[in-house]
Amino acid sequence: MTENDDAKMIEPPQSGLTRRDLIKGVILGGVAISSSSYLFRASTLAAQTSRGTGDRLLTINVNGQQRRADVMKQETLAWTLRHKLGLTGTKLGCDRAECGSCTVLIDGVPHYSCSVLTHTVRDKKVLTIEGLASPDGALHPVQQGVIDEQGFQCAFCMPGFIMAAVAFLKANPDPTRMELAQGLSGNLCRCQDYDKILTAMMRGAENMRSASRA
Ligand code: FES
Ligand code: FES
């Protein structure tokens, strides 16, 4: 890139451009940067995996089972869950601790699994969306709340929201709508369907209270 190119990039918008055009350009640029960083990281990890660089055989407790995997020392829990253990219910959105799509519970506490190194959870219990339902197949009350209210659009963010809600509701079983919204503020929805999501999570809270009374 030449100096002239740099100068062009920081020029103010021309008179024919609207603020909407400008914002659209910034958002599209952000998406491109975000995607390329993810692709770069993915290809680096894949290349290292193929060379077997620094792999260590680890056993981690996931959803009540002892699971073994070859894990690189810089590998994230989200990567291990999805690509080594086949638990693709945990989603990768931003891959940099911003969106909450990758939320899992570690010893009952919600964490962004894209920002946790797998080797740090060796002595802990990891719970993913796949481990929420009962062994007999009965859905967790929060999952049932989503079905009752049809709470999501594309549902990409759904596993992260559900995991965060399960942890929050365990500590705060009877929240107001505002309290629950604050409790879930670490999770973002690209479809912007927050009102319906919150209604579904409130129904999940109600389901949890009913289940504990039964
Ligand atoms: S993918 Fe982990 S916070 Fe976005
Ligand atoms: S429903 Fe589509 S990202 Fe949340």
Exercise. Do we have any residue at all in the stretch 153-169 that's modelled with pLDDT under 95, more than 16 Å from ligand 1 (Cβ to nearest atom) and either closer than 20 Å to residue 110 by Cβ or not in a helix (DSSP H, G or I) (or both)?
Worked result: yes
For this session: Please determine, by comparing only the residues of the stretch 95-110 that are surrounded by fewer than 24 Cβ atoms within 10 Å (Cβ to Cβ) and under 19 Å from residue 74 (Cβ atoms), which one is farthest from ligand 1 (Cβ to nearest atom).
Result: 106
Seminar exercise, completed: Among residues of the stretch 59-105 being in a strand (DSSP E or B) and in contact with a helix residue (DSSP H, G or I) (Cβ under 6 Å, 6 or more places away or on another chain), the residue farthest from residue 120 (Cα to Cα) is 103
Exercise. Quick one: residue 214 ticks every box in (1) surrounded by 14 or more Cβ atoms within 10 Å (Cβ to Cβ); (2) away from ligand 1 (no atom under 16 Å from the Cβ) bar one, so which box is it?
Worked result: (1)
Seminar exercise, completed: Per the list (1) within 16 Å of ligand 1 (Cβ to nearest atom); (2) touching a Ser or Thr at 6+ places or on another chain (Cβ under 9 Å); (3) assigned to a loop (DSSP other than H, G, I, E, B), residue check on residue 173 breaks on (1)
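The values are calculated or read from the model by the stated rules, or taken from the named source; none is laboratory data. Bear in mind that the values here come from a model prediction, so they are computed numbers and not experimental data. Note that we place each Cβ from the backbone using ideal geometry, even for glycine, and neighbour counts take in every protein chain shown.
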